[in-house]
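First up is the structure itself, then whatever we jot down about it.
The values are calculated or read from the model by the stated rules, or taken from the named source; none is laboratory data. For clarity, every value in this text was computed on a predicted model and none was experimentally measured. Every residue, glycine among them, receives a Cβ derived from its backbone with ideal geometry; neighbour counts consider all protein chains shown.
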Amino acid sequence: MDLIFIRIVFIAVVAIACWQLQPFGLSKFSAPFAGVIGVIIGLAVVAFEARLRVVSLKRLIGAVIGSILGILGAYLFSVVIRNSIQHDNTQRFLQLMVMLLMSYVGLIVGANKGDLLNLAALGGLFGAEKQGRKSFKILDTSVIIDGRIADIAETGFMDGILVIPQFVLRELQLVADSADSLKRNRGRRGLDILQRIQKIVTVSVQIVEDDFPTVREVDLKLIELAKVYEAKIITNDFNLNKVAQLQGVEVLNINELANALKPIVLPGETMRVFILKEGKEYNQGVAYLDDGTMVVVDNARKLIGKNVDIAVTSVLQTTAGKMIFGKYDERMRPPERIEPKTETGKHELRKAQPIIVEPAPHTQPE
C-alpha cells in the first residue's frame, strides 16, 4: 500500500511540474494538455520501475556496464563523425543515431550476459543474490531417450528450468532419421518424451541456442554449457557422469535415483527368488528381482529353473546398481516325511506330497 501511495505522489508531482513549466515546447498548448503529458511520463517511469523489480541484480549490473561501454564507444564514433562530415544536420543525426544504437546494444547485451557474473564471490549484499537465482538442469540425449525423466517431472519433484540444448535436438533428429530401425525408434521415442515434458504444466522447459563450434563431442558441449549456466546435468551415462564430476560440474544420475528408490534388503532376511542361470563361481546360481536387481545365490547351481527361499548374506551397492548375495540352505526346504518300510526292509525318505481327494463317482439308479 505504501508503494502504491509513493507511485501516485510521483505521478502527481511530474504532472504538476509539466503543468507549471510546460517543457518541450508545450507552452504553445494549453496548461491542462501539458499536465496530461506529465501524467503519461510519470506512468511510463512507474511501469519501467515495476519491470526492474523482477530483474535480477546480475542483469541490472550487466545492463549498467553495457550501457556505459556503449556510451563510451558512441562518443569515440561521434568524434570521428564530427571530423569527417561537414554537413551540420547530417552530423547531428549520425551522432544521435550512433549514441542511441551503442547505448541500446550495450544495454541489451550487458543484461543478457549479466547472468555470467559471480556476485557471490564478493560476499555481503551480493552474496544473497545467489540464493534467488534460477536453477537450471540440462537434459542429456540418453536420459531423454530413456524416458524416465518424464515420469519424474510429472510427480513434481523437478524444480527449476529444464534446459534442452539445440545440439541435443539435432542429435535426436539424426537418430530419428537413421536407417537402422532400432535407432530410429529410439530417436522418435526421445522426441515424444520431449513433447510429453513440454505439456507438463508444473515444468518449465527452455530450448537454448548456445553452441560451442570448437567442441565436437556432444558430452563435452553439455559440460561447457553447464559451466556457462551454472547448471546441473541430468543423465544416465556413466562416462559423462565421471567426466563432468572431474571438471566440477554437478550431475544428477537417473540410475542412482532408481537405485536409491529400490526396496531395502538387510542381511539375514529371507526372500524367495527364481534361479535363472548358473553363476561365475562354483555352485552359484543367479536370480533377478522384478526391478532388475541381480541376486547371486550360493549352493543353488542345481536349482536352476526353480523358486527357492534364500537367506540374504550381504548387499553390495555400486554406481551401476545394487547386487544382493544370498545362500540357499537345504534346511529351508519343505518338510519331509518317512514312508513305511518297503519290500527291501528299509525306510524311504520322500518329500511330503499333497493329498488329492477325488470325488466319488455318481451311481445310476437301477
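Points to keep in mind about this one:
- Flag for Leu182 being at pLDDT 90 or above, of a type outside the set (D, E, K, R) and more than 30 Å from Arg59 (Cα to Cα): no
- Residues within segment 244-261 that are more than 18 Å from the chain's Cα centre (by Cα) and either modelled with pLDDT of 85 or more or crowded, with 16+ Cβ neighbours inside 10 Å (or both), tallied: 3
For (1) more than 24 Å from Ile223 (Cα to Cα); (2) touching a residue at least 40 places away in the same chain (Cβ under 8 Å), each residue gets a yes or a no:
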{"position": "Thr141", "(1), (2)": "no, yes"}
{"position": "Arg148", "(1), (2)": "no, yes"}
{"position": "Gln166", "(1), (2)": "no, yes"}
{"position": "Leu174", "(1), (2)": "no, no"}
{"position": "Asn185", "(1), (2)": "yes, no"}
{"position": "Glu209", "(1), (2)": "no, yes"}
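- Residue satisfying all of: in segment 262-278; part of a strand (DSSP E or B) and surrounded by fewer than 18 Cβ atoms within 10 Å (Cβ to Cβ); farthest from the chain's Cα centre (by Cα) among these: Glu278
- Total residues in segment 299-326, condition charged (D, E, K, R), modelled with pLDDT of 85 or more and under 42 Å from the mean Cα position of the chain (by Cα): 1
- Reported count of residues in segment 280-323, each being under 26 Å from Val251 (Cβ atoms) and touching a residue at least 40 places away in the same chain (Cβ under 8 Å), is 6.
Each row is one residue, and each column tells you yes or no for (1) in the same structural domain as Glu250 (by TED's automatic domain parsing); (2) aliphatic (A, V, I, L, M); (3) closer than 19 Å to Asn241 by Cβ.
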{"position": "Ser181", "(1), (2), (3)": "yes, no, no"}
{"position": "Ile197", "(1), (2), (3)": "yes, yes, no"}
{"position": "Ile200", "(1), (2), (3)": "yes, yes, no"}
{"position": "Val203", "(1), (2), (3)": "yes, yes, no"}
{"position": "Ile207", "(1), (2), (3)": "yes, yes, no"}
{"position": "Phe212", "(1), (2), (3)": "yes, no, no"}
{"position": "Ala226", "(1), (2), (3)": "yes, yes, yes"}
{"position": "Glu230", "(1), (2), (3)": "yes, no, yes"}
